[in-house]
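Data block below; observations after.
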There are 2 protein chains.
Amino acid sequence: MATVLSSTSSTVLLDKPLQLDSGQALDRVTIAYETYGELAPDKSNAILVHHALTGDQHVASPHPITGKPGWWDRMIGRGKPIDTDRFFVICANVIGSCMGSTGPASDAADGGRYGMRFPVITIRDMVRAQVALLDALGIGQLHAVVGGSMGGMQALSLAANFPERAARVLAIATTPRHSAQNIAFHEVGRQAIMADPNWQGGDYYDSGNTPDKGLAVARMAAHITYLSEAGLTGKFGRRLQDREAKSFGFDADFQVESYLRYQGLAFTDRFDANSYLYITRAMDYFDLAEEHGGRLADAFAGTPARFCVVSFDTDWLYPTAESRAIVHALNAVAAPVSFVELSAPYGHDSFLLEVPSLDRVVTGFLNG
Amino acid sequence: MATVLSSTSSTVLLDKPLQLDSGQALDRVTIAYETYGELAPDKSNAILVHHALTGDQHVASPHPITGKPGWWDRMIGRGKPIDTDRFFVICANVIGSCMGSTGPASDAADGGRYGMRFPVITIRDMVRAQVALLDALGIGQLHAVVGGSMGGMQALSLAANFPERAARVLAIATTPRHSAQNIAFHEVGRQAIMADPNWQGGDYYDSGNTPDKGLAVARMAAHITYLSEAGLTGKFGRRLQDREAKSFGFDADFQVESYLRYQGLAFTDRFDANSYLYITRAMDYFDLAEEHGGRLADAFAGTPARFCVVSFDTDWLYPTAESRAIVHALNAVAAPVSFVELSAPYGHDSFLLEVPSLDRVVTGFLNG
């Protein structure tokens, strides 16, 4: 019998404005977060897990809208690689998102929604908010900071900008900077959202109509980049959906079409289109070397942390070469780092899926 | 001084309905085509060039809307690899397109535009129309049939279905069937078009409003797949567009964003959204093995033609493995075939760009 992992949902209202990379400050910042396990009296057993673009704080507890298990339920829990019998696990919704932390759907000081008045944020701004949460919790140094994809960017950014705050840094399926191709795919998604007449310049919250069609197209385009070509072929191939022969029409004849349409549509139930704009922008702006004078190694100069970098051989969104660049930078400053490219058929999404070798790497690194 | 290549623009109205794979027949089919060079008295020197998804018959003559040189101007002309001093070159707009051949923007029998009443067509249907054109021109056997991308699909389809009509088949950067990933990208584009309220179920021709925003998003998504990641990085990297620093807004900060927006917008000036739906559908339906009992080799059984198959090492849309599958099928029926994977940095679009090694392959094959 599966035991339900007990989690605590909380919010904290930061007592100071959050200074942003843009030069602006964000006032009255709320951070919504979940915790699992118990914080040790000396507060030495905390692990901060950062979520990815469309993730949220419900890392190991059911999603409040979809009812589905937490997005990393397989990784976090009693006896799991991130063992809640030993560790106190924190996962916070990033600012700019839409699951309780302050974002474009939140009320601004004038009582109206921010919409596109929300300031453009960066990955470092997201991390600043989470460090403020750690301050509020009285946690000085984390046992580890962990993240995949955009979560990995945050983990690296925390290591670079708040080097004393984490003893271990585990960065999975990520990159030190968004490439031209990464930016290009995000720009397609943003243009799809902004082309939706329901978007209304971002002021759709009180209209009763949300830009679901544009957001669904954005999600569909992005979703392809999360999967490998071989994975798509294995999962769908050219198999038809609930029919014996092609329809010679524009219905979803192929399973892969039906799957993508469903993924696009389902996404609009749980995500805010403006949040998608802001978070993709933050990812596109991410360039850890640029933030540190143009040399990636300088981002990690003097870091006291141990690092573990993991890539997947079928990830074409953030291919292994990106992870290798991180490792080379860490080597250049003599930081202890282990690096592994894991073999898994699922493409970028491998970090979320059943990959036992990842479990072993995570277990080994966190307990080493 | 560059000499202008003389071309002849013609249309032919087929005297019989075109029987389609769907079981329907298309009546009063017009085919618009260009020719270059002179047809030999024995009609033995004709080369049929098939265009790609968004191409047209203006293969080596200026585009009537954009004024730009023909899309394969570098390949076709006096003294060029497809030498118009020697060969009579024909390039016809595919049916379903929008440059003069019958497509969804054409008038149906009732005088109104077809719109989505246009029948769903296949690559083989496009080829049937072009074989009818050859009949109208009195050309029995072509010296060669040549095409890249969707043009390559047509070349293979012609070889498989009309084996006596071409002595040589040159298939470049193409595939024997659309993969799940290929279908997925096309489906994103179709959903983007259909999500545009100006699309109006395809009945936009007389509304004064065309679904340009949706079509532009479709083009942007597709355009990324035509380029290599390394090519995008080399061309744009993370360079900013006409500014010194990030704007912390949603303008096109990055050159790659600006480029993609331009590509999307410019495309809407010259292409019909419904044609985009129909032609992508035809490509997704393409599976040469399926058409021939499930075994690709059977598509080429008894072919009298010589083949040349060319792929590019950076093409991730139709990677070299797809070309290899074609070659293996041809080997299985003992058809003479030469195969080369060329090295070029431009991804799938390499077949359109400055790749001197391609010129040498084309010259050698056509004159051998």
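Considering every residue in A:173-183, what mean count of other chain Cβ atoms within 10 Å of its Cβ is obtained?
5
Tell me what the protein assembly as shown gives for mean residue ellipticity at 222 nm when only DSSP H runs of n ≥ 4 count, each as -39,500 (n - 2.57), the sum divided by the residue total, rounded to 500 deg cm²/dmol.
-10500 deg cm²/dmol
When we measure straight from the Cα of A:Lys213, which aspartates and glutamates land under 17 angstrom away, once same-chain ones fewer than 8 places off are left out?
Within reach: A:Glu187, A:Asp196, A:Asp203, A:Asp251, A:Glu257, A:Asp269, A:Asp272, B:Glu187, B:Asp196, B:Asp212.
Over segment A:192-280, what is the relative contact order in percent, taking alpha-carbon pairs closer than 8 angstrom and at least six residues apart?
Reported relative contact order: 32 percent.
Provide an ascending nm list, one decimal, of label-point separations from A:Gly293 to the equivalent residue in each further copy; define each label point as 7 Å from Cα along Cα→Cβ.
Once sorted, the set of distances for A:Gly293 reads 7.1 nm.
Positive end of the charge dipole of the protein assembly as shown (Lys, Arg +1 and Asp, Glu -1 on Cβ, about the Cα centre): tell me which of A:Ala160, B:Val333, B:Pro64 has its Cα farthest that way.
So the residue we want is B:Val333.
Checking the cross-link filter: which lysines have an alpha carbon closer than 17 Å to that of A:Lys235, excluding same-chain neighbours under 8 positions apart?
The reachable lysines, counting only those whose Cα sits under 17 Å from A:Lys235, number zero.
Picking from A:His58, A:His328, A:His186, which is most flexible by a Gaussian network model of chain A using Cα springs under 10 Å?
Ranking A:His58, A:His328, A:His186 by mean-square fluctuation puts A:His328 first.
Run the quick spin-label model on B:Asp85 and B:Arg270: label points 7 Å from Cα toward the beta carbon, then report their separation in nm to one decimal.
Calculated label separation equals 2.9 nm.
Across all directions of projection, what mean area in square nanometres is found for the Cα convex hull of segment A:192-280?
Computing the convex hull of the Cα atoms and averaging its projections yields 6.9 nm².
Can you list, shortest first in nanometers, how far B:Glu354 lies from the same residue in the other copies, with each label 7 Å from Cα toward Cβ?
Label-point separations across copies, in nm and ascending: 5.2.
With every protein chain kept in place and ligands, DNA and RNA left out, what is the accessible area per residue of the protein assembly as shown? Probe 1.4 Å, answer in Å².
36 Å²
Counting only protein heavy atoms, what percent of the accessible surface of segment B:182-280 is carbon or sulfur at a 1.4 Å probe?
Carbon-and-sulfur percentage of accessible area, whole number: 47.
Please report how far the C-alpha centroid of segment B:331-368 lies from that of segment A:223-264, rounded to the nearest whole angstrom.
Between the Cα centres of segment B:331-368 and segment A:223-264 lies a distance of 31 Å.
Pick from A:Val89, A:Val169, A:Val337: which is most flexible by mean-square fluctuation in a GNM of chain A where alpha carbon atoms under 10 Å apart are linked?
Highest fluctuation among the options: A:Val337.
Looking at segment B:228-274, which residues lose a minimum of 30 Å² of accessible area between their chain alone and all protein chains in place, measuring with a 1.4 Å probe and not counting ligands or nucleic acids?
Residues of segment B:228-274 that lose at least 30 Å² of accessible area once the other chains are added: B:Glu229, B:Leu232, B:Arg238, B:Lys246, B:Phe248, B:Phe250, B:Phe254, B:Val256, B:Glu257, B:Arg261.
How far is B:Ala332 from itself in the other copies, in nm, if each label sits 7 Å out from Cα along the Cα-Cβ line, shortest first?
Values, ascending and in nm: 5.1.
Before anything else, pin down the relative contact order of chain A: Cα pairs under 8 Å, at least 6 apart, normalised by residue count, whole percent.
Normalised by residue count, the contact order of chain A is 17 percent.
Using only atoms on other chains, find how many Cβ atoms lie within 10 Å of each Cβ of peptide A:278-291 and report the average.
Per-residue shielding by partner chains comes out at 2.
Given the options B:Ala136, B:Ala344, B:Ala289, which has the most mean-square fluctuation in a GNM of chain B, springs set between C-alpha atoms less than 10 angstrom apart?
B:Ala136
Which residues of segment B:88-135 end up with at least 50 Å² less accessible area in the presence of all protein chains than when their chain stands alone, using a 1.4 Å probe?
Residues meeting the cut-off: B:Val120.
Let me know the charge dipole size of segment A:192-280 about its Cα centre in debye, to the nearest 20, where only the beta-carbon of Lys, Arg (+1) and Asp, Glu (-1) is charged.
That gives segment A:192-280 a dipole magnitude of about 400 debye.
Roughly how crowded by other chains is peptide B:221-227, in terms of the mean Cβ count from those chains within 10 Å of each of its Cβ atoms?
4
Between chains A and B, what is the buried accessible area in Å², counting both sides, with a 1.4 Å probe and ligands, DNA and RNA left out, to the nearest 100?
4700 Å²
Taking the Cα centre of each part, how many Å lie between segment B:19-71 and segment A:147-205?
So the two Cα centres are separated by 45 Å.
Could you check how much of the accessible area of segment A:81-145 is carbon and sulfur, as a whole percent, using a 1.4 Å probe?
So the carbon and sulfur contribution to the accessible surface is 44 percent.
Mind giving me the nanometre distance, one decimal, between the label points for A:Lys43 and B:Asp107, set 7 Å out from Cα along Cα→Cβ?
For the pair A:Lys43/B:Asp107, the computed spacing is 8.0 nm.
The values are calculated or read from the model by the stated rules, or taken from the named source; none is laboratory data. Since this is a predicted model, take the numbers as computed values, not measurements. Cβ sites come from the backbone with ideal geometry, for glycine too, and all protein chains shown count toward neighbours. The area values use the complete protein model at the heavy-atom level, side chains included, leaving out ligands, DNA and RNA. Shrake-Rupley method; radii C 1.70, N 1.55, O 1.52, S 1.80 Å.
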